[in-house]
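The values are calculated or read from the model by the stated rules, or taken from the named source; none is laboratory data. Quantities reported herein were computed from a predicted structural model and do not represent experimental measurements. Using ideal geometry, Cβ is built from the backbone for each residue, glycine included, and neighbour counts are taken over all protein chains shown.
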Amino acid sequence: MCFATPVYVGLTSSSVLSDSNKLITVKATDLMGRPVDVTVMLESLTDKNGKAVSDIQFIQGVQNIADNTRFSWDLKSKALPKGFYKAVLSAKSTKNDKTLILPKSTVELKVIGKLGAVTTRVGVADSDQQSKTQWNDLNKGQKLPKRLELEPAQKLVVKIGASDTLHQVFVLFRNKETKKEIALIAQPETEGKTDYKLELDLTLQAKDLGYNSGLYEVILVLGDFLIEDSVEWNLGEVNLQVASGKSKAVNPLYAITYGMKPEIKHEFRKPEPRPPRVLSDAFTVLALVPLLILLILWIKIGANIKNFPVSLSALTFHLGLAEHSITTWVLFTILALFGVYGVFWLKLTMFEAFKWMTAPGLVTFISGHRMLSQISLSRKG
Amino acid sequence: MSSNHQRSWIQLGLSQLLLVALCLIFTGFVNTQSPQANKNTLVLVDNLAIKETHSTFFRRLQENGYQLSFKMSDDQALSLKKYGVWLYQNLIVFAPGTDELGGDLSPEAIAEFVDAGGNILAAGSPSAGDAIRDLAAEFGVELDDVGSSVIDHLNYDARSDKGQHTLIAVDPKNLVDAPIIVGKEVQAPLLYEGSSLLVDPENPLVLEVLVASSTSYSYDPTKPISEYPHTVGRNTVLIAALQARNNARVVFSGSLDFFSDKFFSASVQKQGGQLFEKSGNEALVRALSDWVFKENGVLRLSNITHNKLGETSPPAEYTITEEVVYRAVFEELKNGVWTGYVSDDIQLEFVRIDPFVRTTLKRVPGKTGLYEARFIVPDVYGVFQFKIDYHRKGYTFVNSATQVSVRPLQHTQYERFIPGAFPYYASAFSMMVGVCLLSCVFLHIREKDKSE
């Protein structure tokens, strides 16, 4: 009694078949990876819609000489349109060994090809369709001969004529300054056909462009699962003058700015301009002149202080509390008050000056009052 | 604890004394290593095979001292918190297929976890369930619809792609410019197969860590494009990171496979491009997990002092136009130890509603981490703040505000004599002299006719 041995058939080559490489290689072994005596057959190849490829039916795989677990098929001669396929493989025992379990296995294959001829027409049209659209026809890889200038009332039209249906037909507008990219999608112009069209209205679609006018690079991206040379095609530059508007700004209270901020230096207020020193000095002299005039005039009319006590003893006598010494007290206290005033000006604060002034002020008040009453009495008398 | 030690101190013999000393040293050791203790991590998976398929990732975390608790994402006993205490500091959600997380793990509970400072690493997939979508939405990230993948016909991995061009090789140039998040070691392209993330432009906290190239888009590869894709070009975010205002960190990836052993060790080759033996995934994931679990880019600010130039203690108030010295210590957590942070871009602002002064802090030579700024207080009085708002990509937010008042000059602090006012002084003094002379003459005059 023999144990049953399941046979595993699996793809070892790439599942992608291109024009240059249409070789399928599979490996047939038992589950432990040991060789088994089988041959492998490619039973059928069906496309995505379930339609079998007519000239692929039960093709015997070519056994590799060096490694007899490998079988390969070269489908170079077969006409295979691009697409996804399912290949059904079956193994067959060469010696009709009944212990081998031989399930059919299905592998997915993809046939890719080159992107065929593509023509692109870039045109500038008026939004109101008044004038005729000016077209620039470009073949694959070509660039616009000169920069296109567009105004808000115009629209940019890009038409792409391809030979295959493409999954990705995007037109990228890359702002030359901010490097921001806006991708727009070209839609098939007619259902099921391979011509695509994109219109960018600079007034209606200004929001998509973030209301940013300026130089843009136009990049056409053509891509598909079945194309081996998907392309990023720089069509050239356009200068878009976009309708004005304001894009939604982020609340600065919640925004976070990374990186250093500009330094701020406080600008100090400038002091007010002052008059020149000469001017103030001249006016100081002018202010002192009346005193001088007073003295001169006094001397002229013969003013004197001959009643002033001259000797020191007389002075001390005068400082007594007798009636006749009052005038001297008044004079001294007035001098003292002005002295305090002068010192206040130089260094005291107002409150300190008040304190200093109390004593001479009080004496001046009392003695001055008595003196003045004396004078008025003597005048009456 | 310490009083216990002291009470028993005298009764202990020498050997016991030694033991106690050892205990003290040990407790001290644990305290200095406290950041190491924050490594309890809950790992949610939707199938236990993930533990094996992502073993390199998990092993590295365990080697770095993380305690990983693997739980099924729909486990009804799941809980992040017990008796008001958080059980985990970190959460890894590698359960893209889950529609609802089990137990107490509602999106609100997870948001609360982040509010409490917890970190999250989560990954989705093109077949992501509602749980991961809701979680993503909580942090300002939106996953594309089920079935949609990031497709790039120009930058797919030519060796391992299954034909849908969804296994894309992303250039390391597309990483965010923040070495603290993404590391400096990523050289090879990154392999990515998964869903695209749309980042909420109004959420200022989200960072786009990895974006796809200009030619990519997100769509269901089995259907023709009939409407504008979820994301196109560089808007296609593959990995997003968020640092909350409390410095909790969240990383989102649209691809769970990005973290898998298979992608770590896979070779990468773009169609017609250079062959890289090993993808950059492992290097990036290493940097990312260090960042998200706060091993990297953690800063703190301490010992803030300010005073007038030439003084040592802060004054009760500053007067306008005084020169002020502000000092602060900046430290960075490195391998669990706080070390001085070195940078020349820390700025100090002196703010009264608006900043009046913004100056760069300078390092004080010879003292690690100590920074200093000197400036003259503006001639505007009011209540001011010394403000540091240090926001750098990848680093924790460092915010500090110290309030001081600035008063105008006192009346005695103005200039006492102005030459321009000399005429006024002269007239005042000449008046005084005049009064003295006049009263003297008036009182002591000897009139001619009387004496005669």
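Is it true that residue B:376 is hydrophobic (A, V, I, L, M, F, W, C), under 29 Å from residue B:249 (Cα atoms) and in the same structural domain as residue B:326 (by TED's automatic domain parsing)?
It is false that residue B:376 is hydrophobic (A, V, I, L, M, F, W, C), under 29 Å from residue B:249 (Cα atoms) and in the same structural domain as residue B:326 (by TED's automatic domain parsing).
Of everything in the range B:216-240, what is in contact (Cβ under 8 Å) with a residue 40 or more places away in the chain, in a strand (DSSP E or B) and within 9 Å of another protein chain (Cβ to nearest Cβ)? Give them in sequence order.
The answer is B:217, B:219.
Which residue pairs have Cβ atoms closer than 6 Å, lie 6 or more positions apart in sequence or on different chains, and pair a first residue in the range B:374-400 that is more than 19 Å from residue B:288 (Cα to Cα) with a second residue that is among the small types (Gly, Ala, Ser) and at pLDDT 90 or above?
Once the first residue is more than 19 Å from residue B:288 (Cα to Cα) and sits in the range B:374-400, its partners that are among the small types (Gly, Ala, Ser) and at pLDDT 90 or above give B:383/B:405; B:385/B:401; B:387/B:401; B:388/B:400.
Could you check how many residues of the range A:239-281 are surrounded by 13 or more Cβ atoms within 10 Å (Cβ to Cβ), over 30 Å from residue B:388 (Cβ atoms) and either of a type in the set (D, E, K, R) or more than 7 Å from chain B (Cβ to nearest Cβ) (or both)?
Summing the residues that are surrounded by 13 or more Cβ atoms within 10 Å (Cβ to Cβ), over 30 Å from residue B:388 (Cβ atoms) and either of a type in the set (D, E, K, R) or more than 7 Å from chain B (Cβ to nearest Cβ) (or both) in the range A:239-281 gives 7.
Among the candidates A:280, A:244, which residue alone is farther than 30 Å from residue B:396 by Cβ and in contact with a Gly (Cβ under 6 Å, 6 or more places away or on another chain)?
Unique residue meeting the criteria: A:280.
If the Cβ limit is 6 Å and pairs must be 6+ apart or interchain, which residue in the range A:264-284 that is in a loop (DSSP other than H, G, I, E, B) pairs with which residue that is of a type outside the set (Gly, Ala, Ser) and surrounded by 12 or more Cβ atoms within 10 Å (Cβ to Cβ)?
Cβ pairs passing all conditions: A:266/B:356; A:266/B:357; A:266/B:378; A:268/B:379; A:269/B:379.
Being facing chain B (nearest Cβ under 7 Å) and modelled with pLDDT under 90 is the requirement here; does residue A:223 meet it?
So residue A:223 fits the description; yes.
Being outside any loop (DSSP other than H, G, I, E, B) and within 21 Å of the chain's Cα centre (by Cα) is the filter; apply it to the range A:203-238 and report the residue that is surrounded by the most Cβ atoms within 10 Å (Cβ to Cβ).
Restricting to residues being outside any loop (DSSP other than H, G, I, E, B) and within 21 Å of the chain's Cα centre (by Cα), the top hit is A:216.
Looking at the range B:268-284 only, could you name the residues that are farther than 9 Å from residue B:188 by Cβ, part of a strand (DSSP E or B) and touching an Asp or Glu at 6+ places or on another chain (Cβ under 9 Å)?
Scanning the range B:268-284 gives B:269, B:270.
Scanning for something under 23 Å from the mean Cα position of the chain (by Cα), part of a loop (DSSP other than H, G, I, E, B), of a type outside the set (Ser, Thr, Tyr) and crowded, with 20+ Cβ neighbours inside 10 Å, does the range B:169-184 turn up at least one residue?
The answer is no, given that none of the residues of the range B:169-184 is under 23 Å from the mean Cα position of the chain (by Cα), part of a loop (DSSP other than H, G, I, E, B), of a type outside the set (Ser, Thr, Tyr) and crowded, with 20+ Cβ neighbours inside 10 Å.
Run residue A:132 past the list (1) farther than 30 Å from residue A:199 by Cα; (2) assigned to a loop (DSSP other than H, G, I, E, B) and report the number of the one that doesn't hold.
Exception for residue A:132: condition (1).
Away from chain A (no Cβ under 13 Å) and either surrounded by fewer than 23 Cβ atoms within 10 Å (Cβ to Cβ) or in a loop (DSSP other than H, G, I, E, B) (or both): which single residue out of B:213, B:195 fits that description?
B:195
Name every residue in the range A:294-337 that is in a loop (DSSP other than H, G, I, E, B) and either at the interface with another protein chain (Cβ under 8 Å from one of its Cβ atoms) or at pLDDT 65 or above (or both), in order of residue number.
Answer for the range A:294-337, where residues must be in a loop (DSSP other than H, G, I, E, B) and either at the interface with another protein chain (Cβ under 8 Å from one of its Cβ atoms) or at pLDDT 65 or above (or both): A:302, A:303, A:304, A:305, A:306, A:307, A:308.
In the range A:5-63, which residue that is small (Gly, Ala, Ser) and in contact (Cβ under 8 Å) with a residue 12 or more places away in the chain is surrounded by the most Cβ atoms within 10 Å (Cβ to Cβ)?
Top of the filtered list is A:28.
Does residue B:191 qualify as being in contact with a Phe, Trp or Tyr (Cβ under 7 Å, 6 or more places away or on another chain), in contact (Cβ under 8 Å) with a residue 24 or more places away in the chain, aliphatic (A, V, I, L, M) and closer than 23 Å to residue A:222 by Cα?
So residue B:191 fits the description; yes.
Give just the number: which of (1) loosely packed, with under 15 Cβ neighbours inside 10 Å; (2) assigned by TED's automatic domain parsing to the domain that holds residue A:56 does residue A:87 not satisfy?
Just one mismatch for residue A:87, condition (1).
Identify, please: which residue in the range B:38-52 is closer than 24 Å to residue B:263 by Cα and buried (at least 17 other Cβ atoms within 10 Å of the Cβ) and is, among those, nearest to the chain's Cα centre (by Cα)?
B:41
Table: residues versus (1) closer than 30 Å to residue A:276 by Cβ; (2) assigned by TED's automatic domain parsing to the domain that holds residue B:323; (3) in a helix (DSSP H, G or I).
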| site | (1), (2), (3) |
| --- | --- |
| B:342 | no, yes, no |
| B:345 | no, yes, no |
| B:385 | no, yes, no |
| B:399 | no, yes, no |
| B:404 | no, yes, no |
| B:416 | yes, no, no |
| B:423 | yes, no, yes |
| B:426 | yes, no, yes |
| B:433 | yes, no, yes |
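Which of the numbered conditions does residue B:369 fail, given that it passes all the others? Conditions: (1) under 33 Å from the mean Cα position of the chain (by Cα); (2) at negative phi; (3) more than 7 Å from chain A (Cβ to nearest Cβ); (4) not basic (Lys, Arg).
Evaluating residue B:369 over (1) under 33 Å from the mean Cα position of the chain (by Cα); (2) at negative phi; (3) more than 7 Å from chain A (Cβ to nearest Cβ); (4) not basic (Lys, Arg) leaves (2) as the failure.
When only residues in the range A:2-29 that are more than 14 Å from chain B (Cβ to nearest Cβ) and assigned to a loop (DSSP other than H, G, I, E, B) count, which is nearest to the chain's Cα centre (by Cα)?
Filtering first and then ranking leaves A:19.
On the basis of being surrounded by fewer than 18 Cβ atoms within 10 Å (Cβ to Cβ), of a type outside the set (A, V, I, L, M, F, W, C) and in contact with a Ser or Thr (Cβ under 8 Å, 6 or more places away or on another chain), does residue A:92 make the cut?
Yes; evaluated as a whole, the condition is true for this residue.
Identify all residues within the range A:160-183 that are at the interface with another protein chain (Cβ under 8 Å from one of its Cβ atoms) and part of a strand (DSSP E or B); write none if there are none.
A:168, A:170, A:172, A:174, A:181, A:183
For the subset of the range B:306-350 comprising residues that are within 14 Å of chain A (Cβ to nearest Cβ) and buried (at least 19 other Cβ atoms within 10 Å of the Cβ), which member is farthest from the chain's Cα centre (by Cα)?
Ranking the qualifying residues of the range B:306-350, first place goes to B:318.
To keep it simple, each residue is scored yes or no on (1) more than 8 Å from chain A (Cβ to nearest Cβ); (2) surrounded by 18 or more Cβ atoms within 10 Å (Cβ to Cβ); (3) modelled with pLDDT of 90 or more.
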site: B:356; (1), (2), (3): no, yes, yes
site: B:364; (1), (2), (3): yes, no, yes
site: B:385; (1), (2), (3): yes, no, yes
site: B:393; (1), (2), (3): no, yes, yes
site: B:396; (1), (2), (3): yes, yes, yes
site: B:414; (1), (2), (3): yes, no, no
site: B:423; (1), (2), (3): no, yes, yes
site: B:436; (1), (2), (3): no, no, no
site: B:444; (1), (2), (3): no, no, no
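Give me the pairs, please: first residue somewhere in the range A:92-106 and in the same structural domain as residue A:38 (by TED's automatic domain parsing), second residue anywhere and among the aromatic types (Phe, Trp, Tyr) and exposed (fewer than 12 other Cβ atoms within 10 Å of the Cβ), beta-carbon distance under 7 Å, and either six or more positions apart or on two chains.
From the range A:92-106, the pairs are A:99/A:3.
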